[in-house]
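All remarks here apply to the structure that follows.
The values are calculated or read from the model by the stated rules, or taken from the named source; none is laboratory data. This structure is a prediction, so every number in the text was calculated from the model and none was measured. Ideal geometry is used to build each Cβ from the backbone, glycine not excepted, and the neighbour counts take in all protein chains shown.
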Amino acid sequence: MNRLHVRLWYFTSLFVNGRTLSAPVRCDSSLHRTVFQLFRTMATTNTNNNNNLPKKAKQKEPLRRVKTKENRSKRGDVHGPSTVYLQVAGAGSRDNAASVYVFSEFNRYLFNCGEGTQRLMQEHKLKAARLDNIFLTRLSWENVGGLSGMILTLKDTGVPECVLSGPPQLENYLNAIKSFSGPLEDIKLSVRPYTEETYSDDTMTVYQVPIFAKSRDNDRKLPHRSGRNSPTQATPQKDDVSSAGDPGERRTAVRDSSLVVAFACKLHPKKGNFLVAQAKELGLPVGTAAIGPIIAALKDGKSIVHEGKEIRPEQVCTPTDPGPVFIIVECPSEEFLGALCTNQQLGRYQTGGTDDPAALVVHMTPESVLKTDQYKKWMERFPSTTEHLILNEHACAIHNIRSHKIQAQLNMIHPEIFPQLKAYKTKEPQAALHVPNVRAECLLKFQLRPVMEWQRDAIPSCNSEEFVKEASEVPNFLAEVDKCRKICSAGATELSGQGEKYPEVVFLGTGSALPMKIRNVSGTLVNISPSQSLLLDCGEGTFGQLCRHYGDDVDDALSKIATVFISHLHADHHTGLVKLLYQRERALATLGKPFSPIFLVAPVQIMTWLNQYHDCCEEILSHINLIPNKFLCDNAEVPKQRTKSFIQAMLKKNNLQRFHTCLVRHCKNAFACSFTHQSGWKLAFSGDTMPCDAFVHIGKNATLLIHEATLEDELEEEAVEKRHSTTSQAIGIGMKMNADFIMLNHFSQRYAKIPLFSEDFNDRVGISFDHMRIRFDDSKIIPKLIPALKTLFAEELGEMEERRERREMRYPKGSSSEVTSEQKTGAPDVGRGAKRDQEETAAHVETKRLKTS
């Protein structure tokens with residue numbers, strides 16, 4: 001060991017004195033030998049002492065959780081928690097899939113995790129820091145669409161371990177997401193398949209109940225599917241996507257849509273409370289050291305004798321709570337009805353069953369199944385004391401309140417550019433059920449302990465009039481709005497009869513890294529004509545954004561999307577694609593239009609993910625015709641005939657002269673694009689990149705440039721580290737490109753409402769917001785909206801300016817190290833800590849996500 005210490009000292013001294021591994025040649029051999037022997041010695045030492053020095057330390061549990069367990073152990077408290085409630089996250093509406101959050105003081109749980117779940121949890125402060133169990137009723141995108149993003153967020157927030165319970169194919173799903181998430185070494189992930197029936201922790205015991213469909217096949221069952229099943233139509237050929245593997249050699253699909261898993265959850269018994277007043281009346285030594293053992297015995301149900309008098313537990317303790325049961329069940333189609341209604345495990349909690357009846361049944365079941373006589377009768381077999389909570393598309397809840405709020409306030413500035421948000425309402429009639437039931441709303445609670453009751457106080461209010469009133473009270477805002485309206489009115493008169501309705505650009509997601517309450521992740525819809533649209537990137541929640549933008553017209557909007565461009569394979573740019581494809585198929589069937597695959601212009605490596613999802617989860621390949629990005633670059637290798645035909649068909653479908661791509665300076669296989677319409681206009685889209693000359697070349701003389709501006713100018717070092725652009729760099733690219741107009745987007749989530757403005761802003765530059773809708777003629781109006789935007793968000797801009805000034809004082813060169821320091825310490829503005837805490841935490845998570853990527 002002394003030899004090891006000497007060598008470590010020598011090795012360290014070399015570095016202290018400036019002699020590194022790149023030192024002059026005369027030192028190389030000696031130093032090489034020393035370093036080699038050092039590491040060999042360290043390896044030997046590690047092998048000999050592997051019990052004391054493991055190769056990789058396990059991530060520790062948070063200190064707070066460890067202390068809670070220690071305190072319970074000292075008290076000898078082996079009984080259940082005193083506070084438990086179940087809370088709706090996503091109510092099951094079309095824009096927010098069904099998900100339920102369960103809270104106790106010891107544990108947190110999530111049942112299903114569709115797209116947008118982490119965004120809802122962030123907005124409504126449903127903490128993920130102690131979420132270590134996620135239960136999935138079925139391996140469908142509706143239930144797992146938000147899981148990859150949630151796992152990344154749990155990893156970034158320091159959750160050491162998370163267990164997924166449900167279908168065994170979850171193991172394959174985890175392997176599949178690693179194709180774009182990278183290694184997930186900082187969080188231990190494991191799958192608890194339904195065959196491991198029972199799970200128990202400090203709060204409850206969970207029983208997994210498998211339910212198999214009557215007829216088993218490998219086709220994905222969706223009520224709205226058109227009945228096609230031709231994956232070979234879109235399976236890429238070996239010549240064009242060799243790095244994705246040869247589809248002809250792919251293993252046989254192992255997906256199984258015949259299984260759903262229900263969960264019966266029983267809380268641990270809770271000892272009764274000790275009644276101090278009654279104890280004093282009976283002469284017990286309350287307030288002395290002698291009372292401790294007496295309380296423990298009485299709570300354990302034992303009678304005691306005090307001063308010759310017998311005292312029974314019921315005299316001084318409330319009754320023990322035996323532990324209520326709640327059931328989570330999904331019955332996605334009538335094929336599962338027979339197995340569900342005859343299931344003996346669930347029947348134990350119905351009238352005449354062997355166990356106490358269920359206190360609550362959560363039904364994640366579509367209306368088409370609820371209205372069947374068989375399902376109604378199954379519900380009626382529960383006693384009248386059982387509550388029923390229904391989550392499906394009949395939910396009328398508005399979930400994303402902050403998004404609605406900011407849109408209502410922006411709408412005051414310009415109603416056309418910032419249209420009011422809408423809600424999709426299902427046209428299917430509501431089932432007439434014969435048992436009392438409650439329809440889900442976002443944040444609706446059912447408390448299981450201490451008192452069993454519904455609680456509606458947390459349900460958020462979405463009142464546009466209140467939002468408008470709040471904005472009206474911002475100093476000088478109404479005056480700036482009035483100026484805007486006059487300027488816009490004069491501009492409209494000047495352009496009367498000249499304005500073109502198309503192309504129209506709708507910004508669906510303008511934030512970076514992870515979805516947040518105001519800005520969703522990347523997605524931009526380009527409506528090329530009344531019948532054709534093209535989507536630029538498709539981050540998680542893009543379909544939900546479409547729902548909120550178009551409301552009841554969302555099917556029409558979906559049916560027009562013929563092409564999707566994916567710039568690169570970071571999760572915030574493509575994990576909304578699968579749901580978009582399934583919902584597009586549903587839209588075409590609903591409208592009676594023939595199905596055709598989309599043209600997917602993407603890095604070829606996306607097929608690793610899509611092939612694995614197709615093989616192990618649900619059929620997806622029939623929805624796409626892949627055009628690898630690399631074949632649209634200058635001097636690209638000549639694609640095979642099949643890809644050539646896709647390129648020609650894509651250009652023809654969208655009335656385009658050319659679709660151009662180039663590699664950019666971000667991650668491996670990251671691309672930007674530009675496309676030129678037959679009428680002459682040109683749009684350039686940067687994806688994620690540092691300033692890039694190749695992009696300047698393909699975007700030359702663009703009518704509109706959409707360029708990422710992730711960070712403010714003073715954080716240029718951080719932008720280099722993360723391979724993104726600053727505001728001025730993005731504007732500079734637009735100027736070099738000679739673009740007619742520049743829209744900045746993909747802002748860091750630390751600029752939740754508005755980014756900081758740089759000195760380079762001019763009348764050719766605008767900033768994007770979620771749900772902003774622009775046409776080329778609006779380029780004359782958009783810069784004139786900036787004074788009103790600055791006034792509306794004056795407080796936020798002031799806070800950001802203060803942070804920038806503090807940063808400049810501490811780090812005169814504007815180094816990015818300050819940002820990391822500030823985020824680690826969470827140092828907020830004095831007096832604004834509570835308000836800014838969540839944004840600071842989110843920015844810290846985003847920083848880790850960007851650095852990892």
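Of all residues in segment 563-620, count the ones that are assigned to a loop (DSSP other than H, G, I, E, B), within 17 Å of Arg255 (Cβ to Cβ) and in contact with a Leu (Cβ under 8 Å, 6 or more places away or on another chain).
Of all residues in segment 563-620, those assigned to a loop (DSSP other than H, G, I, E, B) come to 566-570, 575-576, 591-597, 603-605, 617-620.
Imposing the further condition that a residue be within 17 Å of Arg255 (Cβ to Cβ) reduces the set to 617-620.
With the extra rule that they be in contact with a Leu (Cβ under 8 Å, 6 or more places away or on another chain), the set shrinks to 617-618, 620.
Number satisfying all stated conditions: 3.
Check every one of the helices (runs of 4 or more DSSP H) wholly within segment 621-730 and list those with 3 or more residues that are in contact with a strand residue (DSSP E or B) (Cβ under 7 Å, 6 or more places away or on another chain) and at pLDDT 95 or above. Let's see the steps before the verdict.
Values: elements: 641-653, 693-698, 716-722.
Those helices (runs of 4 or more DSSP H) span 641-653, 693-698.
Just one of the listed residues (Arg439, Arg402) is touching an Asp or Glu at 6+ places or on another chain (Cβ under 8 Å) and surrounded by fewer than 21 Cβ atoms within 10 Å (Cβ to Cβ), namely Arg402.
Annotation: Asp217 fulfils all but one of (1) over 30 Å from Thr590 (Cβ atoms); (2) exposed (fewer than 13 other Cβ atoms within 10 Å of the Cβ); (3) at pLDDT below 80; the unmet one is (1).
Scan Ile390, Ile413 and give me the residue that is under 30 Å from Ser464 (Cα atoms) and not assigned by TED's automatic domain parsing to the domain that holds Met121. Give the derivation first.
Numbers: Ile390 fails: not assigned by TED's automatic domain parsing to the domain that holds Met121.
The conditions single out Ile413.
From the list Ala479, Ala471, which residue is at pLDDT 95 or above, surrounded by fewer than 15 Cβ atoms within 10 Å (Cβ to Cβ), over 24 Å from His388 (Cβ atoms) and small (Gly, Ala, Ser)?
Numbers: Ala471 fails: surrounded by fewer than 15 Cβ atoms within 10 Å (Cβ to Cβ).
Just a single option satisfies the conditions, and that option is Ala479.
For segment 758-782, the set of residues classified as more than 26 Å from Thr542 (Cβ to Cβ) and either touching a Phe, Trp or Tyr at 6+ places or on another chain (Cβ under 8 Å) or β-branched (Val, Ile, Thr) (or both) consists of Arg764, Ile781, listed by residue number. Consider segment 301-348 and keep the residues that are touching a Phe, Trp or Tyr at 6+ places or on another chain (Cβ under 9 Å), farther than 19 Å from Thr365 by Cα and buried (at least 20 other Cβ atoms within 10 Å of the Cβ). The one that is modelled with the lowest pLDDT is Cys317.
So, of the residues in segment 507-541 that are hydroxyl-bearing (Ser, Thr, Tyr) and not in a loop (DSSP other than H, G, I, E, B), which turns out to be farthest from Lys593 (Cα to Cα)?
So the first thing to find is which residues in segment 507-541 are hydroxyl-bearing (Ser, Thr, Tyr), and the list is 510, 512, 522, 524, 529, 531, 533.
So of that shortlist, the ones also not in a loop (DSSP other than H, G, I, E, B) come out as 524, 533.
Values: Thr524: 24, Ser533: 16 Å.
Once the filter is applied, the top-ranked residue is Thr524.
Would you say Phe671 is under 26 Å from Phe741 (Cα atoms), buried (at least 24 other Cβ atoms within 10 Å of the Cβ) and in contact with a Cys (Cβ under 8 Å, 6 or more places away or on another chain)? When the stated conditions are applied, Phe671 passes them.
Out of all the residues in segment 164-172, is one or more within 27 Å of Ile620 (Cβ to Cβ), part of a helix (DSSP H, G or I) and touching a Cys at 6+ places or on another chain (Cβ under 6 Å)? Looking for residues that are within 27 Å of Ile620 (Cβ to Cβ), part of a helix (DSSP H, G or I) and touching a Cys at 6+ places or on another chain (Cβ under 6 Å), one finds at least one in segment 164-172, hence yes. Could you check, for segment 361-377, whether at least one of its residues is over 30 Å from Lys280 (Cβ atoms), touching a Lys or Arg at 6+ places or on another chain (Cβ under 8 Å), buried (at least 17 other Cβ atoms within 10 Å of the Cβ) and not polar (S, T, N, Q)? Yes: one or more hits.
In the set Leu139, Leu184, Leu126, only one residue is among the hydrophobic types (A, V, I, L, M, F, W, C), buried (at least 23 other Cβ atoms within 10 Å of the Cβ) and assigned to a loop (DSSP other than H, G, I, E, B); that residue is Leu139.
Yes/no matrix, rows are residues, columns are (1) surrounded by 24 or more Cβ atoms within 10 Å (Cβ to Cβ); (2) acidic (Asp, Glu); (3) under 20 Å from Asn625 (Cβ atoms):
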| site | (1), (2), (3) |
| --- | --- |
| Asn520 | yes, no, no |
| Leu534 | yes, no, yes |
| Gly541 | yes, no, no |
| Arg548 | yes, no, no |
| Phe565 | yes, no, yes |
| His570 | yes, no, no |
| Leu577 | yes, no, yes |
| Tyr582 | no, no, yes |
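Checking segment 105-117 against the condition returns a match, with at least one residue being at pLDDT 95 or above and assigned to a helix (DSSP H, G or I).
For segment 153-163, the set of residues classified as out of contact with any helix residue (DSSP H, G or I) (no Cβ under 6 Å at 6 or more places or on another chain) and part of a helix (DSSP H, G or I) consists of Leu154, Lys155, listed by residue number. Taking (1) part of a helix (DSSP H, G or I); (2) at pLDDT 90 or above; (3) buried (at least 16 other Cβ atoms within 10 Å of the Cβ) in turn, Glu801 satisfies each apart from (3).
So, in segment 415-458, how many residues would count as being assigned to a loop (DSSP other than H, G, I, E, B) and in contact (Cβ under 8 Å) with a residue 24 or more places away in the chain? Going through segment 415-458 one residue at a time, the tally reaches 29. Every listed requirement among (1) in a loop (DSSP other than H, G, I, E, B); (2) modelled with pLDDT of 95 or more is met by Asn133 save one, (1). Can you find a residue in segment 382-395 that is touching a helix residue (DSSP H, G or I) at 6+ places or on another chain (Cβ under 7 Å), under 30 Å from Ala479 (Cα atoms) and assigned to a loop (DSSP other than H, G, I, E, B)? No - not one qualifying residue is present in segment 382-395. Entry remark, segment 353-371: residues being under 17 Å from Glu441 (Cβ atoms) and either outside any loop (DSSP other than H, G, I, E, B) or of a type in the set (Gly, Ala, Ser) (or both) number 4 in total.
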